[in-house]
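First up is the structure itself, then whatever we jot down about it.
The values are calculated or read from the model by the stated rules, or taken from the named source; none is laboratory data. Quick caveat, the model's predicted, so the values are computed rather than measured. All Cβ positions, glycine included, derive from the backbone under ideal geometry; neighbour counts span all protein chains shown. Please note that ligands, DNA and RNA were not included when accessible areas were found on the heavy atoms of the full protein model with its side chains. Shrake-Rupley method; radii C 1.70, N 1.55, O 1.52, S 1.80 Å.
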Amino acid sequence: MIDNRVFREKRRELLSVYFPAGYPELNSLPDIVMALDGEADIIEIGIPFSDPVADGTVIQAANTRALANGITLNTIFAQLRYVMDRIATPVFLMGYLNPILHYGVEPFCQQVASLGISGVIIPDLPLDYYEQNLKSIFTSNGVNVVFMVAPNTPNERIRRIDSVSCPFIYAMSSFAVTGGNALLTATHASYLERLKGLELRNPVLVGFGIGAPDTLAFANSNANGAIVGTAFVNQLSNAATSTEAVRALRIQLGLDINHKN
Amino acid sequence: MNLNPDSNGFYGIYGGAFVPEVLYPNVLELQYIYSEIIGSKAFVHDQEQLLRHYVGRPTPLTFATGLSEKYGARVYLKREDLCHTGSHKLNNVIGQILLAKHMGKRCIIAETGAGQHGVATATVCALMKFPCKVFMGAKDMTRQQPNVFRMRMLGAEVIPVQSGSQSLKDATNEAIRYWVANPEDTYYLIGSAIGPHPYPDMVARFQSVISREITTQLTSQEGCANPNYVLACVGGGSNAIGAFYHFINSSKTRLIAAEAAGKGVGTGYTAATMAVGSVGVIHGCKTRLIQTDDGQIVEAHSVSAGLDYPGIGPFHAALRDANRVSYLSITDTEALTAAFDVAKSDGIIPALESAHALAVLPKLQLKSTDVVVVNLSGRGDKDMETYASIDATSMP
Ligand SMILES: Cc1ncc(COP(=O)(O)O)c(C=O)c1O
């Protein structure tokens, strides 16, 4: 069952943690998801792709490794089928368009819906193409799509994105691919201020370059929460277990390590 | 057949602008300014001046006596190899650099495979005083060394790309990443008929000067405007679309594109997108591409760095579906043989890419009255190392 209450009820300091399926080992996913359950508000699982153009070197390398491990969409669905009943945290899938198109949008949506996935994030799916060609397939299957905004997105377009995106909006922190360091300047604060001023129906989560207490606090104080990707992927490659990686991430972010949400 | 994409940039099911939201304002601005400028008198004037006095256009249409005798037809070579910098690539960058200047952009980025587009971009950046960064696969930097030196001498920064296959696909990924991180002041100068709308249409139109000149030249040299055949090699598809453009609606003319089969279509070491590819999204457009059963893009393979790309422009995908252009696969060996043949028969050393187009000639059933135009997209200077290594071992 999809349980998206955190977006309505907690709605602040939401922490979403990303990692790609098939990394570091082919079958790591269930273990990592269980380690994150209760430690993150949202779990975002990447569908690895050969050509991730919005990602920096760390996530690129993790994608390459996952593909070399033999990860496929069907394997991801099988792993999720095992783990989804064992956790309470909402799970999202994040992946580039080509593997989803190739799998078939309809069968993809059927799988996603039957697994109780809370939504999908497709960074290279443009809003207009979605609305004209794919929206009916996603909505008839009851699959949510999360859209992104960036510092150069005009207000009218943000409003349109807000009317389609569900159950949150993914705000790119600054002009960067993943893995940089989000800049905490007045310009960036005013961009998030602008988002706040629009009084959007969706909560806004800030991603790209969040991986330290200052950037996390910045996202939490200027928006509804943060998305952490590269920092967690780095922890996964260093730590001996998933639990240790989660613990190390919380320490890195300056969060209480005994806390359960 | 309609030469223009629809307002969303689609040629039938192919095309579009599949970019992350952060690049949406960029492609929108580009679509708007491009459509505004393309017909403006001032732009057309500046473009024509540069094409004439800087690029050296019109390029000759050479009657190839050796090839004509060998194949028993009237074979012409459209001499894009004689453009300044040695290939057709300069036609496109002249148009785009004028656009970038008009848009007030401050920095130019480009991807390159063979280095010809990189050299062309570095050249116009020197001319127009733009800082220039060229992304190039590390493997391509080795096999096209002279072009790396040329770009640096022209003042460009050449950025080696270590990811993936270290060739054109990965260079393009890296250029897109840079663009995502610097969308406001950077102009991405794409080198082939690929990418998000409006690039495929823009590149096709800037390259269409090739077929426009062929029409005039054939009229005066042969007494007819339309040839029986036009042959061109296809990587992303810019020289081919430029050579085909004015003949697409001429039913008399057969259009044949040569894609790189690499070691062979069935070997897994190939860049023959039409032969082994299927529909998907690559580098911002929906088109045909080489992919696995799981929708992962496959690394292409070709001896020719400029054709070593697992996708193809969306207009080509539509031309294929409409059966308007035939796409033939030419192996590394066939291309190399064609290159050595034309060097001896006509005194022209072609680029390895262009050699793929020449390698189509022996596959045609030609009549003595047939007029065949082969688009010689570039010269072979950059490929001397490859040619030398082959010559020493196996070539006649
Ligand atoms: C001489 C030459 N011909 C052809 C190509 C292939 O590109 P396109 O298919 O865009 O013409 C290249 C690319 O580098 C080239 O240098």
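Reported count of residues in the stretch B:67-118, each being within 16 Å of the ligand (Cβ to nearest atom), among the aliphatic types (A, V, I, L, M) and in contact with a helix residue (DSSP H, G or I) (Cβ under 7 Å, 6 or more places away or on another chain), is 5.
Can you tell me which residue is nearest to the ligand (Cβ to nearest atom) among those in the stretch B:271-307 that are charged (D, E, K, R) and under 20 Å from B:A171 (Cα atoms)? It comes out as B:R288. Exactly one residue among B:A322, B:A359, B:A317 is surrounded by fewer than 18 Cβ atoms within 10 Å (Cβ to Cβ), touching a residue at least 60 places away in the same chain (Cβ under 8 Å) and away from the ligand (no atom under 12 Å from the Cβ), and that residue is B:A322. Among the residues of the stretch A:24-52, those that are open to solvent by less than 20 Å² (accessible area, probe 1.4 Å) and closer than 22 Å to B:Q162 by Cα comprise A:P48, A:F49, A:D51, A:P52. A single entry from B:E36, B:E29 fulfils the requirement of being among the acidic types (D, E), closer than 26 Å to A:Y96 by Cβ and outside the structural domain of B:A339 (by TED's automatic domain parsing): B:E29. Restricting attention to the stretch B:195-223, the residues that are open to solvent by 10 Å² or more (accessible area, probe 1.4 Å) and either away from the ligand (no atom under 16 Å from the Cβ) or within 14 Å of chain A (Cβ to nearest Cβ) (or both) total 11.
Applying the set (1) open to solvent by less than 10 Å² (accessible area, probe 1.4 Å); (2) within 13 Å of chain B (Cβ to nearest Cβ) to A:A61 leaves exactly one unmet item: (1).
Candidates are the residues of the stretch A:109-132 that are under 25 Å from A:M172 (Cα atoms) and of a type in the set (A, V, I, L, M); the one that is farthest from the other protein chains (Cβ to nearest Cβ) is A:I117.
Among the helices (runs of 4 or more DSSP H) confined to the stretch B:1-112, the ones with at least 1 residues that are open to solvent by 10 Å² or more (accessible area, probe 1.4 Å), more than 28 Å from A:M172 (Cα to Cα) and basic (K, R) are located at B:41-50, B:65-71, B:89-102.
Take the stretch A:177-193 and flag every residue that is within 16 Å of A:L205 (Cα to Cα), without any contact (Cβ under 8 Å) to a residue 40 or more places away in the chain and open to solvent by less than 70 Å² (accessible area, probe 1.4 Å). Hits for the stretch A:177-193 are A:A182, A:H188, A:A189, A:S190, A:L192. Within the option set A:S165, A:S221, being without any contact (Cβ under 8 Å) to a residue 60 or more places away in the chain, among the small types (G, A, S) and within 11 Å of another protein chain (Cβ to nearest Cβ) holds for one residue only, A:S165. Of the residues in the stretch B:257-267, at least one is free of Cβ contacts under 8 Å to residues at least 24 places away in the same chain and touching a strand residue (DSSP E or B) at 6+ places or on another chain (Cβ under 9 Å).
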